Structure formats: C-alpha cells, structure tokens
Amino acid sequence: MKKRVLGAGLIAIFCLSLAACGGAKNENSAPASGNAVTGEEKATNNSADQKTEEPAANETRTIHYLDQDYTVPAKTDKIVITGSFEAMEDALVLGVQPIGASTIGGKFPDMFTDIMGSAKPIGEKIQPNMETILTLKPDVILGSSKFKPEVSENLAKIAPTMPVSHISTNWEANLRL
C-alpha cells in the first residue's frame, strides 16, 4: 500500500513540475520590434480591430536547417514544393497549402488532396518545370536533397531554395522547417 501511495505521489509531483515548466510565460518579453509591451498595450494589440504589422517586402530572416543557414523573406506565403514528398507530407500535417507542387503521372497523389486545392502542378518529382515555377513567383522553394546540383542551382535562381532531406531520421528537422 505504501508503495502505491509513494508511486502516485511521485507521478503527481512529476506532472505538476512538468506543467509548471510548460506553462511559464515571460510577461515582459519584447516583440520582434524590440519595444517592451505593457499590459495595456497587450490588450490593445490583441483587439480585433487592430491591424498587425506586416513585414516589409524586403525583410528577411535566417532559417537554420541541418547545419545550413538559409535566408528567406520574412513573410513566406507562396511556397512551391518540388521533388520532396517528405515536404508535402509535412505540409499536409501542418495544413500548409503550397502554390505549386510535384506530381506523379501528371496528378497530385490522392493523399495530398486536402492541401492541393489551388496548387499548380510544376512537373514530375525528378523533373521540375522551371518555367512553370517561375510564373508562380514563389517566396520559397522546398526542393529535394536528391536533386542534381544544376537543378538546385536553377531553382535557387527563382527563389530561396532549401533541399529537404529524404533521410528518415531527419523527420523532425523537416517538420520544423
């Protein structure tokens, strides 16, 4: 009986400490602009009629992915996924709708129907159509780590391009990307 009570107590302590760690917020954290936000300003910033500040068209950010740094626009609404079904799987999980993506036999695989509503086919997995991708004017291209260097170089001329890993142990880094 003592062992059960002791075990239950340890589990309760563990859960409470876990909840305390996960729920901690720094109320005095500064927004990206670097200015501190007061409680009064927080209420104003969260109001429905307050417009949020959009990043300037030329603002960029750096993404660190698999020991490489990539500079991309701060706002990336238009994403093309080419050659990487790993990236398409992650987009599906996250609900990200690309503007263009690879096809198989000229069609998007059925499993990606939920995110391919208005996406344009941009060629087969290993043969992306550069002209089609160019017309979409993507902010970012998620390519494949299997692409030949010349394919990656041509994609990089269109938009910042990140080669998404096809190695299964990189699943978490891919998902975060």
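The values are calculated or read from the model by the stated rules, or taken from the named source; none is laboratory data. Computed from a predicted model, the values in this text were never measured in an experiment. With ideal geometry, Cβ positions are generated from the backbone for all residues, glycine too; neighbour counts draw on all protein chains shown. These area figures cover heavy atoms from the full protein model, side chains too; ligands, DNA and RNA do not enter into them. Shrake-Rupley method; radii C 1.70, N 1.55, O 1.52, S 1.80 Å.
The table for this structure:
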item	result
Candidate residues Leu142, Leu94: accessible-area rank, largest first, probe 1.4 Å	Leu94, Leu142
Residue-count net charge about Trp171 - beta-carbon cut-off 15 Å; Lys, Arg +1, Asp, Glu -1	-3
For the range 122-177: lysine pairs under 17 Å (alpha-carbon distance), excluding those fewer than 8 apart on one chain	4
Lys107 accessible area, 1.4 Å probe, all protein chains in place, Å² to nearest 10	140 Å²
